[in-house]
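My questions will all concern the structure given below.
Please treat every number below as a calculation from the coordinates, not as lab data. What you are looking at is a predicted structure, and each value in this text was computed from that prediction instead of being measured. Glycine also receives a Cβ, built like all others from the backbone with ideal geometry; neighbour counts cover every protein chain displayed.
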């Protein structure tokens with residue numbers, strides 16, 4: 001049951017929709033009276049972390065089996081969903097803080113600047129996610145997109161430190177590490 | 001073979017998402033339930049000291065408070081539910097205060 005290129009292409013639109021829904025729902029929740037903005041910011045951050053790891057790990061998953069190989073074409077959707085959800089996460093954080101002053105005041109706290117840095121690294125990746133940018137940048141595109149690795153490292157550090165995120169951060173790191181290991185294994189034992 | 005790898009790789013995530021979200025275990029207070037004072041009293045006392053409390057709830061037998069300190073730091077703090085003594089204050093994971 002492997003996916004053909006056509007199937008992955010038709011899968012793409014429903015996938016965009018599905019990936020956009022949680023972020024939209026969280027924003028809608030934030031607009032409700034008596035919304036717990038801290039909790040919504042929390043949930044959006046966890047979701048962004050999972051999406052980012054999925055986007056990066058998708059290459060590893062796709063290499064596990066020929067049947068999964070086409071999944072790699074859905075990577076852009078996951079990457080942009082991770083970025084979009086991170087932006088939603090930032091918005092919810094800013095709403096929860098309610099003013100600029102306290103935001104600036106905690107900018108140097110490790111649990112916070114790691115989050116800002118991770119998001120900033122994702123900006124050039126999102127901006128160059130189009131086919132046109134891929135063509136224009138040529139080989140440099142791949143090098144630029146490798147910024148995803150420091151971005152995910154910072155994002156997981158942020159998750160680990162900021163608030164009760166140790167378990168999630170370690171689990172996500174374990175997923176990435178295990179996928180990298182299976183990648184090396186496949187390289188050696190050609191099947 | 002490869003399916004096994006996929007499952008192994010995704011297992012930690014499943015475990016993390018299925019794990020309990022309730023008690024964080026950051027602080028525990030062992031006190032008699034009959035001695036515990038109402039949470040609203042703590043919030044009132046903190047507000048009088050200059051805190052802005054956004055959320056308060058019991059956690060690990062203590063009271064856990066989210067809010068802004070009189071110094072203007074956005075924090076998560078733990079208090080003894082009987083004496084209202086400050087036990088632990090953390091600003092985005094940076095420990096600002098811990099009772100020795």
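Can you tell me the 0 to 90 degree angle between the C-alpha axis of helix A:148-162 and the longest principal axis of chain A, rounded to 10?
The answer is roughly 40 degrees.
OK, next. Helix A:5-30 sits at what angle to the longest principal axis of chain A, using alpha carbons and giving 0 to 90 degrees rounded to 10?
Result, in degrees: 10.
Right, next: Would you mind checking the tilt of helix A:110-127 against the longest principal axis of the Cα atoms of chain A, expressed as 0 to 90 degrees and rounded to 10?
50
Can you give the mean number of other chain Cβ atoms that lie within 10 Å of the Cβ atoms in peptide A:110-123?
Counting Cβ atoms of other protein chains within 10 Å of each residue's Cβ and averaging gives 1.
Give me the extension gain from residue A:9 to residue A:136: residue separation times 0.36 nm, minus the current Cα-Cα distance, reported in nm with one decimal.
Contour length minus the Cα-Cα distance gives 43.4 nm.
Then there's this: Can you give the average number of partner chain beta-carbon atoms within 10 Å of each beta-carbon in peptide A:166-175, as a whole number?
5
Looking at chain A as a GNM with Cα springs under 10 Å, which of A:113, A:13, A:149 has the largest mean-square fluctuation?
Judging by the Gaussian network model, the answer is A:13.
From other protein chains only, count the Cβ atoms within 10 Å of every residue's Cβ in B:86-93, then give the mean.
Mean inter-chain Cβ contacts per residue within 10 Å come to 5.
Using a Gaussian network for chain A with springs between C-alpha atoms less than 10 Å apart, which of these wobbles most: A:118, A:20, A:35?
Per the Cα network of chain A with a 10 Å cutoff, A:35 tops the list.
As a test of the formula, what do you get for chain A when each DSSP H run with n ≥ 4 contributes -39,500 (n - 2.57) and the sum is divided by the residue count, at 222 nm and rounded to the nearest 500 deg cm²/dmol?
Details: 9 runs with 153 residues, N = 191.
Helices in chain A give a 222 nm mean residue ellipticity of -27000 deg cm²/dmol.
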